Amino acid sequence: MTDAWGQFKSFDGKKFKAMDAEFTRGASNLIGGKDLTACFQCAKCSAGCPVSDKVNIQIHEVMRMLLFGLKEVLETDMVWLCTTCYTCQERCPQGIEITDILFGLKNMAFKKRIAPPGYSGARQSLYDKGRLYEPTDWERDDLGLDPVPVLNIEDTKRMLKKTGLMKLEEDV
Ligand code: SF4
Ligand code: SF4
């Protein structure tokens with residue numbers, strides 16, 4: 001077990017107050033979520049997951065938490081450490097679109113401000129500078145390239161505003 005990101009570390013000693021049927025309904029409405037009930041916990045998804053030894057909660061456990069309406073699933077590190085490689089989805093004997101569900105969970109978590117800090121920073125950088133990584137002139141110089149071209153980011157800003165990316169968080 002690593003010190004991976006996420007508040008929810010383990011089921012050990014955890015007491016859940018209530019299963020939230022509304023949350024399960026929301027998860028069922030995610031892309032891929034309609035087949036949640038088909039999961040019979042074979043764990044074939046987890047057996048092939050490349051980050052299974054890096055996370056506190058395995059992907060088959062995430063599936064069960066969703067079905068049981070346990071909102072703490074949004075705080076598990078699996079949501080953000082998933083590489084979206086689609087291996088679990090390919091392996092699932094029930095044809096559940098697991099990775100697509102995880103994309104939806106990322107959105108749900110981000111809206112509730114549950115995300116590693118770097119994600120907000122990356123979004124802001126994209127909005128402010130039009131890129132996630134700022135190349136420097138000396139790096140380009142080393143490669144014999146011209147200085148970093150100035151980007152016109154007004155179109156990017158307009159697009160990001162229109163998609164609602166800058167205001168994803170729900171009011172709390
Ligand atoms: S492989 Fe499919 S059926 Fe098996 S535990 Fe994972 S999601 Fe459930
Ligand atoms: S898509 Fe994510 S959860 Fe599925 S196998 Fe890849 S890393 Fe694991």
remark   = Pairing a residue in the stretch 132-149 that is modelled with pLDDT under 90 with any residue that is among the hydroxyl-bearing types (Ser, Thr, Tyr), where Cβ atoms lie under 6 Å and the two sit 6 or more apart in sequence or on different chains, gives Leu132/Ser125
remark   = Those residues of the stretch 28-50 which are assigned to a helix (DSSP H, G or I), more than 9 Å from ligand 1 (Cβ to nearest atom) and open to solvent by 70 Å² or more (accessible area, probe 1.4 Å) amount to Lys34, Thr37
task = May I ask you to verify whether Thr83 is β-branched (Val, Ile, Thr), closer than 28 Å to Gly118 by Cα and open to solvent by less than 70 Å² (accessible area, probe 1.4 Å)?
result = no
key: Residues being of a type in the set (S, T, N, Q) and outside any helix (DSSP H, G or I) - total across the stretch 92-132   = 1
ask   = Is it true that Pro93 is surrounded by fewer than 18 Cβ atoms within 10 Å (Cβ to Cβ) and more than 30 Å from Phe40 (Cβ to Cβ)?
value = no
note = Flagged in the stretch 51-66 as within 10 Å of ligand 1 (Cβ to nearest atom) and either in a loop (DSSP other than H, G, I, E, B) or among the basic types (Lys, Arg) (or both), in numbering order, are Gln58, Arg64
ask   = When you scan the stretch 34-77, how many residues do you find that are in contact (Cβ under 8 Å) with a residue 60 or more places away in the chain and either within 12 Å of ligand 2 (Cβ to nearest atom) or within 15 Å of the chain's Cα centre (by Cα) (or both)?
value = 5
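The values are calculated or read from the model by the stated rules, or taken from the named source; none is laboratory data. This one's a predicted model, so the numbers in the text were calculated from it and none came from an experiment. Ideal geometry is used to build each Cβ from the backbone, glycine not excepted, and the neighbour counts take in all protein chains shown. Each accessible area value is taken on the protein alone, full model and side chains, heavy atoms only, with ligands, DNA and RNA left out. Shrake-Rupley method; radii C 1.70, N 1.55, O 1.52, S 1.80 Å.
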